[in-house]
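Below: one structure, written as structure tokens.
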2 protein chains.
Amino acid sequence: MPNAPHIAEVASLVGDPARANMLCALLGGRALTATELAFAAGVTPQTTSGHLGKLFSARLVVLMKQGRHRYYRLAGPHVAQMLESIMNVALTGPPRFQPKSKLDDKLRHARTCYDHIAGVLGVGLAERMSAHEFVVLGDEAGEVTPSGMDFLGKLGVDLSAYKKRRVFCRPCLDWTERRPHIGGAVGAALAQRCFELKWIERIRDTRALSITPSGRRGLLEFFDLSA
Amino acid sequence: MPNAPHIAEVASLVGDPARANMLCALLGGRALTATELAFAAGVTPQTTSGHLGKLFSARLVVLMKQGRHRYYRLAGPHVAQMLESIMNVALTGPPRFQPKSKLDDKLRHARTCYDHIAGVLGVGLAERMSAHEFVVLGDEAGEVTPSGMDFLGKLGVDLSAYKKRRVFCRPCLDWTERRPHIGGAVGAALAQRCFELKWIERIRDTRALSITPSGRRGLLEFFDLSA
DNA sequence: CCGATACTTCGCTCGCGGCCGAAGTAAATC
DNA sequence: GATTTACTTCGGCCGCGAGCGAAGTATCGG
């Protein structure tokens with residue numbers, strides 16, 4: 001019962017639909033302008049401005065001024081993880097109706113989740129890497145095996161910045177697939193490598209990803225995954 | 001930006017100070033009656049009843065009727081983890097003044113965190129086990145080493161239920177110490193064993209723990225930790 | 001059966017906070 | 001310097017929801 005007020009403060013920030021929409025948009029990992037966030041939230045710019053001011057004061061987002069644009073990003077992985085854990089609780093709640101849309105389909109298929117890959121593609125990668133015993137995923141933690149380190153090295157995934165730390169692979173529950181995908185430092189590095197290799201590309205103005213033809217070949221060759 | 005409404009719904013439940021207080025009280029891990037929760041939240045029973053109804057509908061808590069009492073518990077570890085992650089974000093926010101109290105001191109010293117041990121004691125255990133290389137803790141995941149499994153076995157910690165899973169040790173950032181303590185299945189099993197050994201005892205009506213004389217001896221002997 | 005305890009449901013008040021329109025600042029473009 | 005774009009601050013409206021008092025429903029003890 002101590003710092004509960006702090007919790008309530010942060011949670012109530014996330015608890016407003018407009019702000020939740022903005023934060024979810026930022027969960028895509030990119031920095032977005034105030035206007036883009038206004039569109040994402042479905043409110044006017046002046047309302048957005050107020051919301052962003054609050055999120056900034058509470059340090060849930062950070063600000064990068066660039067000319068007349070103001071780019072907002074999530075303040076760090078801890079915020080992303082908080083949002084994920086809330087999502088995780090939300091989807092264990094009472095079942096919902098939710099109308100389908102085309103964008104939803106694309107998001108379901110492949111999207112970024114802060115700094116790593118989610119959706120059918122993300123879950124598929126996790127599943128294949130588990131099957132090959134490149135990673136071991138538990139409920140709350142994950143681990144890269146020696147053969148997995150080897151494999152990732154061959155793929156050109158740069159893990160040098162994390163080498164000191166033996167554990168740095170976090171399973172991240174997927175809200176569409178209800179199965180884990182690979183987050184944490186490994187997930188981020190893997191996603192970055194996939195972008196470098198041009199296996200995946202962002203779909204304009206969304207969190208959704210499209211898989212390129214060379215991506216399909218690569219995924220089949222390296223991961224034995226037909227996407 | 002899809003299921004953002006769901007996030008907002010859950011977050012706004014946590015975002016009310018009274019409900020946040022209740023949930024934090026339940027973070028102690030025990031089941032509490034509606035009246036106890038009313039006291040913890042500082043509101044009247046009828047207000048509490050309304051709140052608990054909402055938390056129950058959203059499946060953040062579960063209910064056990066027992067005679068004329070109604071015991072509420074957190075719906076599961078996922079809820080505890082969500083609360084922790086929110087706490088984690090809250091304490092990276094702007095610094096706060098918070099008046100000290102005696103209970104705060106005790107909580108700071110040793111307390112339960114859902115199903116494992118937190119506070120100075122929890123952080124100390126994690127630190128000693130890391131130093132002896134019984135566990136390896138990263139930012140987002142942890143791992144028990146073979147020698148650690150051996151050590152826990154000697155201590156009588158029952159991990160049989162989790163043996164299949166190689167990773168099941170979650171670092172849990174401590175809101176008082178700002179350093180990780182051991183959560184997940186290992187943390188829960190370790191805490192349970194400490195209760196069995198009567199090394200620690202709950203302080204009535206709180207999440208705080210007191211260390212018994214035999215606990216001090218045991219901690220010194222097994223963990224090289226003077227508590 | 002009676003009173004006490006545990007908890008709920010109902011009806012009401014009231015204040016916080018989200019929302020937008022209007023007006024203001026700041027930076028790029030002409 | 002004038003215009004457009006990006007974003008902010010101000011002021012006022014309004015609705016949701018937390019809060020309590022009062023009254024109602026279960027379960028215990030005697």
Flag for residue A:75 being of a type in the set (A, V, I, L, M), within 11 Å of chain B (Cβ to nearest Cβ), open to solvent by less than 50 Å² (accessible area, probe 1.4 Å) and out of contact with any strand residue (DSSP E or B) (no Cβ under 7 Å at 6 or more places or on another chain): no
Scan (1) within 14 Å of another protein chain (Cβ to nearest Cβ); (2) in contact (Cβ under 8 Å) with a residue 60 or more places away in the chain; (3) crowded, with 21+ Cβ neighbours inside 10 Å for the single condition residue A:135 breaks and write down its number. (2)
Among B:38, B:34, the single one that is more than 11 Å from chain A (Cβ to nearest Cβ), within 9 Å of DNA strand D (Cβ to nearest atom) and open to solvent by less than 50 Å² (accessible area, probe 1.4 Å) is B:38
Please find, among A:227, A:208, the residue that is open to solvent by less than 40 Å² (accessible area, probe 1.4 Å) and of a type in the set (A, V, I, L, M, F, W, C). A:208
Selection within region B:70-83 - touching a helix residue (DSSP H, G or I) at 6+ places or on another chain (Cβ under 8 Å) and within 11 Å of DNA strand C (Cβ to nearest atom): B:70, B:72
Give A:148, A:122 a once-over and let me know the one that is in contact (Cβ under 8 Å) with a residue 60 or more places away in the chain and more than 24 Å from residue A:13 (Cβ to Cβ). A:122
Those residues that are crowded, with 16+ Cβ neighbours inside 10 Å and near DNA strand D (Cβ under 8 Å from one of its atoms), I need them from region A:50-62; list them, please. A:52
What's the number of the only condition in (1) under 24 Å from residue A:188 (Cα atoms); (2) buried (at least 22 other Cβ atoms within 10 Å of the Cβ); (3) not assigned by TED's automatic domain parsing to the domain that holds residue A:201 that residue A:110 fails to meet? (3)
When residue B:11 is run through (1) at the interface with chain A (Cβ under 7 Å from one of its Cβ atoms); (2) outside any helix (DSSP H, G or I), the failure sits at (2)
Take residue B:18 and decide whether it is within 16 Å of DNA strand D (Cβ to nearest atom), among the small types (Gly, Ala, Ser), open to solvent by less than 30 Å² (accessible area, probe 1.4 Å) and under 20 Å from the mean Cα position of the chain (by Cα). yes
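The values are calculated or read from the model by the stated rules, or taken from the named source; none is laboratory data. Small disclaimer: the values here were computed from a predicted structure and weren't measured. In this analysis, Cβ positions are derived from the backbone assuming ideal geometry, glycine residues included, and neighbour counts consider all displayed protein chains. When the accessible area is computed, the model is the full protein with side chains, heavy atoms only, and any ligands, DNA or RNA have been set aside. Shrake-Rupley method; radii C 1.70, N 1.55, O 1.52, S 1.80 Å.
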